[in-house]
Amino acid sequence: MADQLSVSAQKVQDVLRQFGFPCEVVELPGSTRTSQEAADAVGCKVEHSAKSIVCQGKQSGKPILVVASGANRINEKKLRDLVSEPVKKADADFVRNETGFVIGGVPPVGHLKPIEIFIDEDLLKYGEIWAAAGTPHAVFKLTPADLSRMTGGKIVKIL
């Protein structure tokens, strides 16, 4: 763990503190880019890893963030129904332009632009979860209730 956070990880830490969340961002030497890598790095089960997937409305072009359990796949048809338009997984440039973060490090908070957020209801099963914190090496621990409060995301069944 580094003594000083990188710029992107510090941005996430600052947002968490600004809104009164006691979460601590940690940067790890190994990758946390995938749900399994994050789970291995912090010693939790993959389903306790809250992965952030950015999608894009095919008609509107608007960004949509899904925060899902690392064990789950996003059902694009259900997401399409939730946002009333077909969606596609966003490419790396779109993700960085809309959120300010790279794929594999997109946190649930601190984005450059407003983004519609959906939270996988399966995350509510766990006492604590781990989310990306701005880089593919940074994470923070939080509760599902904190995730809901900090994002204002809609809790949905996304499988």
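Which of the residues that make up the range 114-128 are buried (at least 17 other Cβ atoms within 10 Å of the Cβ) and of a type in the set (A, V, I, L, M)? Selection gives ILE115, ILE117, ILE119, LEU123.
Selection of the range 1-27 for residues being surrounded by fewer than 20 Cβ atoms within 10 Å (Cβ to Cβ) and acidic (Asp, Glu) yields ASP3, ASP14, GLU24. Scan the range 1-13 for residues that are among the charged types (D, E, K, R) and free of Cβ contacts under 8 Å to residues at least 60 places away in the same chain and the total you get is 1. Within the range 68-81, not a single residue is out of contact with any Cys (no Cβ under 6 Å at 6 or more places or on another chain), at pLDDT 95 or above, under 21 Å from GLN18 (Cβ atoms) and crowded, with 17+ Cβ neighbours inside 10 Å. Tallying residues that are in contact with a His (Cβ under 8 Å, 6 or more places away or on another chain), over 21 Å from GLY57 (Cβ atoms) and not charged (D, E, K, R) within the range 83-138 yields 4.
Each residue in the range 103-156 was checked for being assigned to a helix (DSSP H, G or I) and among the β-branched types (Val, Ile, Thr), and 1 pass.
VAL102 falls short of the stated requirement of being of a type in the set (A, V, I, L, M, F, W, C), touching a helix residue (DSSP H, G or I) at 6+ places or on another chain (Cβ under 8 Å) and either free of Cβ contacts under 8 Å to residues at least 12 places away in the same chain or within 13 Å of PHE118 (Cα to Cα) (or both).
Say whether the condition of being closer than 18 Å to SER148 by Cα, touching a strand residue (DSSP E or B) at 6+ places or on another chain (Cβ under 7 Å) and either without any contact (Cβ under 8 Å) to a residue 60 or more places away in the chain or surrounded by 15 or more Cβ atoms within 10 Å (Cβ to Cβ) (or both) is met by at least one residue in the range 28-47. Checked against the condition, which is being closer than 18 Å to SER148 by Cα, touching a strand residue (DSSP E or B) at 6+ places or on another chain (Cβ under 7 Å) and either without any contact (Cβ under 8 Å) to a residue 60 or more places away in the chain or surrounded by 15 or more Cβ atoms within 10 Å (Cβ to Cβ) (or both), the range 28-47 yields at least one hit.
Per-residue answers, yes or no, for (1) touching an Asp or Glu at 6+ places or on another chain (Cβ under 9 Å); (2) within 16 Å of HIS48 (Cβ to Cβ); (3) at pLDDT 95 or above:
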{"site": "GLU116", "(1), (2), (3)": "no, no, yes"}
{"site": "LEU124", "(1), (2), (3)": "no, yes, yes"}
{"site": "GLY127", "(1), (2), (3)": "no, yes, yes"}
{"site": "TRP130", "(1), (2), (3)": "no, yes, yes"}
{"site": "PRO136", "(1), (2), (3)": "yes, no, yes"}
{"site": "ASP146", "(1), (2), (3)": "no, yes, yes"}
{"site": "ARG149", "(1), (2), (3)": "no, no, yes"}
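If the condition is being under 16 Å from GLU27 (Cβ atoms) and charged (D, E, K, R), then the range 133-159 contributes only LYS141.
From the list PHE101, PHE94, pick out the single residue that is crowded, with 21+ Cβ neighbours inside 10 Å, aromatic (Phe, Trp, Tyr) and modelled with pLDDT of 95 or more.
Unique residue meeting the criteria: PHE101.
The values are calculated or read from the model by the stated rules, or taken from the named source; none is laboratory data. Treat the numbers as computed from the prediction; the structure is a model and nothing was measured. Neighbour counts run over all protein chains shown; Cβ positions are idealised from the backbone, glycine included.
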